[in-house]
Amino acid sequence: MSNNLKEHFPMIREKDEVLSEIRASKKLLKLFESWRKEQQEEFLMLCTGVRGIKLVYDGFFKEIMNPEYAPERMNDFLSQLLKRTVKVLSVLPTESVRLADETSLVMMDIVVELEDGSIANVEMQKIGYLFPGQRSACYSADLLLRQYKRMRDNRQKKFSYRDIKNVYTIVLFENSPSEFCKYPDIYRHYFEQKSDTGLEMELLQKYVFIPLDIFRKKLHNKGIQSKFDAWLAVFAEDKPEIIEEVIVKYPEFKRLYEEAYVICRNMERVMEMFSEELYELDKNTVQYMIDEMQDTIDTQKDTIDGQKRLIEKSIADMIQMMRQLGIPEEDIKKKMQEQYQLYDEEIQKYL
């Protein structure tokens, strides 16, 4: 393969042309110069086809994958993902009773209603949250409650719990949490609630987790082997040779990339999109560092609390023994002052 995306997408512009348009506008030039050098280079590589476009960011994803404009794309992606034929009816608002600490680690987020009444939330995380299971369970519960309230309000006296349909929480990780490293050959994890007795009961909440970093390793070793692989490559890869492999094996994806490069020709629009993503990624890094630091602090606190309990018990046992031996209280008090000084020194080791 040529590794030259311009051969496939002639609308891609040369670097000099892109820079010329940026320099011709004070607004665009000011925005461009506000980026770091490596960010400027990343933007230029994206616009000129040196690197391909990954549809992992909210702006590109919602433009290219919007079910209102191209319903067949979201239908096909979710069908491949859920391993059954689905059809998207509508896009639902993402505003909800969302978790208070939900900030910028989510790069892309869309909620859709399927033909059978099910709800699917698809989101992309640049860096996987700590505690991904707990977090996803909370968000799934929120989606289920939203559906319940909507059905109850719409059907009123005719409402039945039978009206409540499945809720799918679908998370794609660009960099997955550590839990997924235990399964280095698996890049699709499906969860649902089941009984330990064999009793069957529909509990509605389903989860699909896709670690794209693990998929990329498999992709580099074995290439694209299925339509599902092709979809994940669209989200995970910006290497020209991978994009070429996608559009050669599955020509229907070419139109998708063409639309992305048409967006890139609107310089003001694509620069604003890119700038928004940079801002979100900067917040990602800060939030992730805060989360990791808090996790470390919590671990240290548990260690300190455990050491304090051990030391305090040892001192209490020592006091009791000294009293049983008839040692004067003054001597006990003096000894305890010495022990508490040692106690403080010991605790400092864990701070």
* In straight Cα distance, which lysines are under 20 Å from Lys30, not counting same-chain residues fewer than 8 positions off? -> Lys15
* **Too-long pairs where the Cα-Cα distance tops 31 Å, listed order kept, from Lys149/Lys206; Lys222/Lys254; Lys165/Lys222; Lys6/Lys206** => Lys165/Lys222; Lys6/Lys206
* Is any residue of region 233-261 close enough, with backbone N under 18 Å, to a label point placed 7 angstrom from the Cα of Lys217 along the Cα-Cβ axis, and if so, which? -> 233, 236-237
* Contour minus end-to-end for Gln320 and Lys308, with contour as 0.36 nm per residue of separation and end-to-end as the Cα-Cα distance? -> 2.5 nm
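If you count only protein heavy atoms with a 1.4 Å probe, what accessible area per residue comes out for region 145-219, rounded to a whole Å²?
Heavy-atom accessible area per residue stands at 65 Å².
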* **For region 198-218 versus region 140-170, the gap between their alpha-carbon centres in whole angstrom** => 21 Å
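Out of the trypsin sites (Lys or Arg not before Pro) in region 173-273, which ones are loop residues according to DSSP with at most 13 other C-beta atoms within 10 Å? If you can, show how the numbers build up before the last one.
Details: sites: Lys182, Arg188, Lys194, Lys206, Arg216, Lys217, Lys218, Lys222, Lys227, Lys249, Lys254, Arg255, Arg265, Arg269; in loops: Arg188, Lys194.
In loop regions of region 173-273 (DSSP not H, G, I, E or B), the sparsely surrounded trypsin sites (Lys or Arg not before Pro) are Lys194.
Taking 0.36 nm per residue of separation and subtracting the Cα-Cα distance, what length does fully extending Arg36 through Val248 add? Write out the running numbers ahead of the final one.
Details: separation 212, 0.36 × 212 = 76.32 nm, distance 3.54 nm.
Net length gain for the segment: 72.8 nm.
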* **Percent antiparallel among DSSP beta bridges (both partners in region 110-261, rounded to 5)** => 35 percent
* Return the distance in nm (one decimal) between the two label points of a simple spin-label model at Ile263 and Ala141, each offset 7 Å from Cα along Cα→Cβ. => 3.5 nm
* Structure fact -> Stretched fully, the stretch from Asp153 through Tyr69 gains (0.36 nm per residue minus C-alpha distance, one decimal, in nm) 27.3 nm
* **DSSP-defined beta bridges in region 128-215 - what % are antiparallel, rounded to 5** => 35 percent
* Structure fact -> Scalar couplings 3J(HN,Hα) for region 200-208 by Karplus 6.51 cos²θ - 1.76 cosθ + 1.60 (θ = phi - 60°), nearest whole Hz, x for Gly and Pro, are 9, 8, 7, 9, 6, 8, 10, 9, 10
* Once label points are set 7 Å from the Cα along Cα→Cβ at both Glu7 and Thr85, what is their separation, rounded to one decimal in nm? -> 3.8 nm
* Structure fact -> Relative contact order of region 8-54 (C-alpha contacts under 8 Å, at least 6 apart) in percent is 47 percent
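The values are calculated or read from the model by the stated rules, or taken from the named source; none is laboratory data. Since the model is a prediction, treat every value here as computed from it, not as a measurement. Here the Cβ is made from the backbone with ideal geometry for all residues, glycine too, and neighbour counts use every protein chain on show. Areas reflect the complete protein model, heavy atoms only, side chains present, ligands, DNA and RNA absent. Shrake-Rupley method; radii C 1.70, N 1.55, O 1.52, S 1.80 Å.
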